[in-house]
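The structure appears right after this line, and notes come after that.
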Amino acid sequence: MNELYSQCYEDALPNGLKVLFEPRPGRPLSVGIWVRLGSRDEPAERAGVSHFLEHMLFKGTNHRTAFQISEEIDALGGYINAMTSKEYTAYYVDVLPQHLERVLDVLADLVQNPLFKPEDITKEKGVILEEIRMQEDTPQDKVFELFTERLWNSQHPLARPIAGTVETVTALTREGLLDQFSLYDARNLFLVVVGDISRDALRRAAVEKLGDLKPESRSQPERSSPPSQGGYHIEDRREIQQAHICLGTIGLAKNDPRRYALEILNTILGGGMSSRLFKRIREELGLVYTVFSGASYFSDSGLFTIYLGTEPKNAQKALEICWEEINRLQQEPVPAETLLLAKEKIKGNMLLGLESSHARMTRLGVAEVYRNHVSPEEVIARMMTVTVDDVQRIAQELFARKLFTLTVVGPERQLKSLKKALPIS
């Protein structure tokens, strides 16, 4: 195995499948099979197929029924689950170290031998359609979905909801699922393991369970960078009493070196209870219950967003304060003590977040998806070099373009003046 950085290793099986490993003596095991494909890698007519595929892999294989999959992991005291994002999918188990071979056998079975029974597909459609309807009925989820659609153009794959739509999921066929599944090869899959096992034991188990995976199936879907556009959209929900608001703009790609400055900017602006937005809008004025900002990163683009939920009559004032704080970051250097506080908060959160084997497995998996392996120590070191000027510069670069998007879910009649609060066309 080659050392990626201190105590973190990579290997490759004869079929080309990559294996990433971090030994952690005395700690539980987290095992994940990751796929370098997500919802942005789907044709428009099959939007949601990656998420549907994730569900179907738990519905039975050539060797196990759906019940036997969960029963086998439960009998080990383990936890099995999966996740689909816009740019990757992952299947994982958290378990005690002595059960490596058994859990890897289960995961390898899922990604190599699913049945896709027509009756299971029909039943799972109902489950996923209910999931989509639940998200539609959750205003905070809906306002972010509307935001990406408006900012990136609803036709771009990154702008589409991960689960798809009622129309596309209803239209999905077994053939469509099999076509997407055909991309599950050794080129697109990789294994991540963190916990108390040896490198030799992992190598033997990986070769045995995943060594027969085909090296490459067919050509990879082409990715195109999303377009950028600002705008305003409100979805009328007269039945709800709160206005759910998302304001934001284009952010940075995952591997952009400026992201360290952006993380600090985000922490200062809306990253917690000591942030400027929280202190002004909630603590001083009592206009909202929830307000926060966030940065999302993708391979070729990103998002920077502010969310707030408030009574409609307070929405315009709360938004005006958001805009004041955005302008303040562009015009005024942050005080040195504010910068240091933000750095220490990020450092502490990061180190606490890496206590579990699962968190470390997830971090390694995401790093491999974006081919950006940087040790936690190096991330902290880079963060600590960010200056006051760096924070002001990234604020100016992101915000001065005024390519902002504002989306609102709430009673439209009470929110018509919102558009006037910001310089948005």
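The values are calculated or read from the model by the stated rules, or taken from the named source; none is laboratory data. For clarity, every value in this text was computed on a predicted model and none was experimentally measured. Cβ: placed from backbone, ideal geometry, glycine included. Neighbour counts: every protein chain shown.
Residues that are assigned to a helix (DSSP H, G or I), out of contact with any helix residue (DSSP H, G or I) (no Cβ under 7 Å at 6 or more places or on another chain) and either over 17 Å from Val334 (Cα atoms) or of a type in the set (Lys, Arg) (or both) within region 254-284 comprise Arg259, Lys279, Arg282, Glu283, Glu284, listed in sequence order. For region 181-207, the set of residues classified as surrounded by fewer than 21 Cβ atoms within 10 Å (Cβ to Cβ) and either in contact with an Asp or Glu (Cβ under 7 Å, 6 or more places away or on another chain) or over 17 Å from Leu29 (Cβ atoms) (or both) consists of Phe181, Ser182, Asp185, Arg187, Asn188, Arg203, Val207, listed by residue number.
If you go through region 216-240 and pick out every residue that is of a type in the set (A, V, I, L, M, F, W, C) and not in a loop (DSSP other than H, G, I, E, B), you end up with 1. Filtering region 352-372 to residues that are touching a helix residue (DSSP H, G or I) at 6+ places or on another chain (Cβ under 9 Å), at pLDDT below 95 and either of a type outside the set (Gly, Ala, Ser) or surrounded by 15 or more Cβ atoms within 10 Å (Cβ to Cβ) (or both) leaves Leu354, Asn372. The criterion of being assigned to a loop (DSSP other than H, G, I, E, B), modelled with pLDDT under 95 and closer than 22 Å to Tyr370 by Cα does not hold for Ser154.
Here the condition is being among the β-branched types (Val, Ile, Thr), modelled with pLDDT of 95 or more and not in a helix (DSSP H, G or I); of Val111, Val31, it holds for Val31 alone. Within region 1-31, the set of residues being farther than 18 Å from Glu101 by Cβ and among the small types (Gly, Ala, Ser) comprises Ser6, Ala12, Gly16, Gly26. Summed over region 276-302, residues that are over 23 Å from the mean Cα position of the chain (by Cα) and surrounded by 17 or more Cβ atoms within 10 Å (Cβ to Cβ) total 8.
The residues of region 1-12 that are surrounded by fewer than 19 Cβ atoms within 10 Å (Cβ to Cβ) and either under 23 Å from Ala108 (Cα atoms) or out of contact with any Leu (no Cβ under 9 Å at 6 or more places or on another chain) (or both), listed by number, are Met1, Asn2, Glu3, Tyr5, Ser6, Gln7, Tyr9, Glu10, Asp11, Ala12.
Going by the conditions given, is Arg204 on the phi < 0 side of the Ramachandran plot, of a type in the set (Lys, Arg) and in contact with a strand residue (DSSP E or B) (Cβ under 9 Å, 6 or more places away or on another chain)?
Numbers: on the phi < 0 side of the Ramachandran plot: yes; of a type in the set (Lys, Arg): yes; in contact with a strand residue (DSSP E or B) (Cβ under 9 Å, 6 or more places away or on another chain): no.
Considered against the rule, which asks whether it is on the phi < 0 side of the Ramachandran plot, of a type in the set (Lys, Arg) and in contact with a strand residue (DSSP E or B) (Cβ under 9 Å, 6 or more places away or on another chain), Arg204 comes out as no.
Looking across Val31, Val19, one residue alone is buried (at least 20 other Cβ atoms within 10 Å of the Cβ), over 16 Å from Gln180 (Cα atoms) and out of contact with any Asp or Glu (no Cβ under 7 Å at 6 or more places or on another chain). It is Val31.
Among the residues of region 195-210, which ones are over 9 Å from Glu101 (Cβ atoms), in contact with a helix residue (DSSP H, G or I) (Cβ under 8 Å, 6 or more places away or on another chain) and not in a loop (DSSP other than H, G, I, E, B)? Once the filter is applied, which keeps residues that are over 9 Å from Glu101 (Cβ atoms), in contact with a helix residue (DSSP H, G or I) (Cβ under 8 Å, 6 or more places away or on another chain) and not in a loop (DSSP other than H, G, I, E, B), region 195-210 yields Gly195, Leu202, Ala206, Leu210.
Just one residue in the set Gln140, Gln135 is of a type outside the set (Lys, Arg), in contact with a Lys or Arg (Cβ under 8 Å, 6 or more places away or on another chain) and surrounded by 14 or more Cβ atoms within 10 Å (Cβ to Cβ); that residue is Gln135. Counting only residues that are touching an Asp or Glu at 6+ places or on another chain (Cβ under 8 Å) and in a helix (DSSP H, G or I), region 47-65 holds 5 of them.
For region 68-108, residues that are surrounded by fewer than 19 Cβ atoms within 10 Å (Cβ to Cβ) and in a strand (DSSP E or B) total 3.
In the set (1) part of a loop (DSSP other than H, G, I, E, B); (2) basic (Lys, Arg); (3) crowded, with 18+ Cβ neighbours inside 10 Å, the condition left unmet by Arg40 is number (1).
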